[in-house]
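Only one structure is covered here, and it is reproduced in the block below.
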Amino acid sequence: MRDEIRFLLGDEERRISDIDPTMTVLNYLRREERLTGTKEGCAEGDCGACTVVLGELSDGAMRYRAVNACIQFLPTLNGKQLLTVEHLKAADGAPHPVQTAMVEAHGSQCGFCTPGFVMSMVALQAEGGAMDRGRIDDALAGNLCRCTGYGPIIEAARKMGPSQALKGGPLDRDSIAERLAAIGPDGALALVSDGTRYFAPTSIDDLSQLLGDYPEACLLAGATDVGLWVTKQHRRLDPVIYLGAIDDLKRLTITNGELEIGAGVTYEDALEAIAEHAPDLGELIRRIGSRQIRNAGTIGGNIANGSPIGDMPPALIALDARLVLRRGENSREIPLEDFFIAYGKQDLEPGEFVEKVRVPLSQAGRLRCYKISKRFDQDITAVLGAFNLSVTNGRLQSARICFGGMAATPKRARACEAALIGKPWNEITLAAARDALTEEFQPISDMRASADYRLSVARNLLTKAFIETTQAETQTRLIGPGALALDSADGGTRV
Ligand SMILES: Cc1cc2nc3c(=O)[nH]c(=O)nc-3n(C[C@H](O)[C@H](O)[C@H](O)COP(=O)(O)OP(=O)(O)OC[C@H]3O[C@@H](n4cnc5c(N)ncnc54)[C@H](O)[C@@H]3O)c2cc1C
Ligand code: FES
Ligand code: FES
């Protein structure tokens, strides 16, 4: 295992060993490198002011992703390239085409948010493809602006044109790919600094062994939950075991009608495969956090974190997913719903970790899931309802229903299911099933929603599922699968 982090800052190599492993990339940039173009707004992944772009080798070519520097820890840069707004200008000092587009479209006023927007746009441009309004909205939903307003910024994104091949400097893909290959991949690391230990194993076996040695360790995947423990709760984490260098945890495969998702697969990497088989689940993933969060956050982290308002568990439970857990040499497989025991308590032994989740695909296409939050994008769920209903000849053959935000854990609506199974799927059955929901859930009131609101929403989501499964012609959605065609090339907004 190496005891130093190696990465490219722009096109300059950095080798660092003596640094707090939980220092954020943002603090490193601003305090150590004095690169202050990257701003701190919220320090919790919400505002996008700290957006930077990570370049990585993927099958020998460069791949770029926007992430929030405020919640990423410095050692996770190992083997990668870090690009900030300071790296965009050309050798002759000319601004990057994205910056020029922002100037021409009057996309900046006070300028505090501007570097973050620019970096999100640079990552979008690097992806290639047509710049339609949907893609622009999706790429920029994690960047907030208080003064300019979004119209000019979106206009700038439309104007920025395709990514250009540059020779020399931080944006020269070919030479950076060679440099990254030379400094070595995101390999195994063991750092100790200031009493904090940080390990980055590269295989599942090494991870098992390390966790056996340090069962109290904090596992770190995309850091979109863990990062906030440091920036907001000022928790000291030691030791930290990073999962992002383990390729086997990043595999997503389909075998025997089952989608197997490694715990380290990010939302963005899972999105396409999941959306193909379960369109509603794809749309749900598209609404998790922002592009920056989905580029870093993992499905395994969402499950392991055990939040009652995590988005993936209710949908996956409705699909009858199973969880594979590993400890030492031993694996066990449990129904995902059994993993959540009580608030903050999951069925995870010391030294055990989530290896993968298995999702049967036979029922995936009929999953309906609805996320209710105050904002459409980049917001945490108040109530999430996931419905897996099988209806033949007007009668419900089976029903698996799970809610998030309605109890201390993601929770199956078993009484509601019992009121449905074997019954004709009509208004009378619907009314009985709605009543069953009222009986079996006692949600709490908090800052996101009151208990009454949550219960009303849950009942109404069941009605929505009823309408969608019995009245195909009725339009129930403005966006997502089955939506009105609202392409917004004309600037139309989502509701
Ligand atoms: C701005 C913002 C918006 C967000 N929006 C949403 C949202 O819309 N919906 C939503 O559901 N969540 C949201 N989240 C929460 C977060 O993004 C997700 O929970 C995410 O999936 C966590 O994954 P991660 O890889 O970042 O996990 P990490 O933060 O690295 O880890 C989370 C927890 O899981 C543990 N862990 C990670 N991997 C494993 C493993 N393989 N085995 C055992 N334990 C493990 C860690 O030790 C930690 O306890 C948001 C977060 C932020 C900051
Ligand atoms: S500072 Fe707000 S997202 Fe990082
Ligand atoms: S220009 Fe001031 S916050 Fe966006």
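Values in this text are rule-based calculations from the coordinates and carry no lab data. Keep in mind that what you see is a predicted model, and the values were worked out from it rather than measured. FYI the Cβ positions are ideal-geometry reconstructions off the backbone, even for glycines, and counts take in every protein chain you see.
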Once both labels are modelled 7 Å past Cα along the beta-carbon direction, what's the Leu478-Arg366 spacing in nm? 3.0
Taking the Cα centre of segment 373-470 as origin, work out the dipole magnitude from +1 charges on Lys and Arg Cβ and -1 charges on Asp and Glu Cβ, in debye rounded to 20. 160
Suppose every K and R has +1 on its Cβ and every D and E has -1 on its Cβ; what is the size of the dipole of the chain about the Cα centre, in Debye to the nearest 20? 1160
Most exposed first by the Cβ proxy, i.e. fewest other Cβ within 10 Å, how do Leu389, Leu437 rank? Leu437, Leu389
Could you check the spin-label model distance between Ile380 and Ile334? Points 7 Å from the Cα along Cα→Cβ, value in nm. 2.4
Can you list residues from other chains, or at least 5 along the same chain, whose modelled amide H is less than 5 Å from the amide H of Asp379? Gly289
Surpassing 29 Å at the alpha-carbon level, of the pairs Lys159/Lys464; Lys39/Lys89; Lys232/Lys371; Lys39/Lys345, are Lys159/Lys464; Lys39/Lys345
Whole-Hz Karplus couplings 3J(HN,Hα) for segment 399-412, θ = phi - 60° and coefficients 6.51, -1.76, 1.60, Gly and Pro as x, run 8, 10, 10, 9, 10, x, x, 10, 7, 6, 9, x, 9, 5
With axes computed from alpha carbons, what is the tilt in degrees of helix 267-277 against the longest principal axis of the chain, rounded to the nearest 10 within 0 to 90? 40
Pull up the cross-link candidates among the lysines for Lys250, meaning alpha carbon to alpha carbon under 18 Å and not fewer than 8 places away within one chain. Lys80, Lys356
What is the dipole size for segment 97-159, taken about its Cα centre, with +1 at each Lys and Arg Cβ and -1 at each Asp and Glu Cβ, in debye to the nearest 20? 100
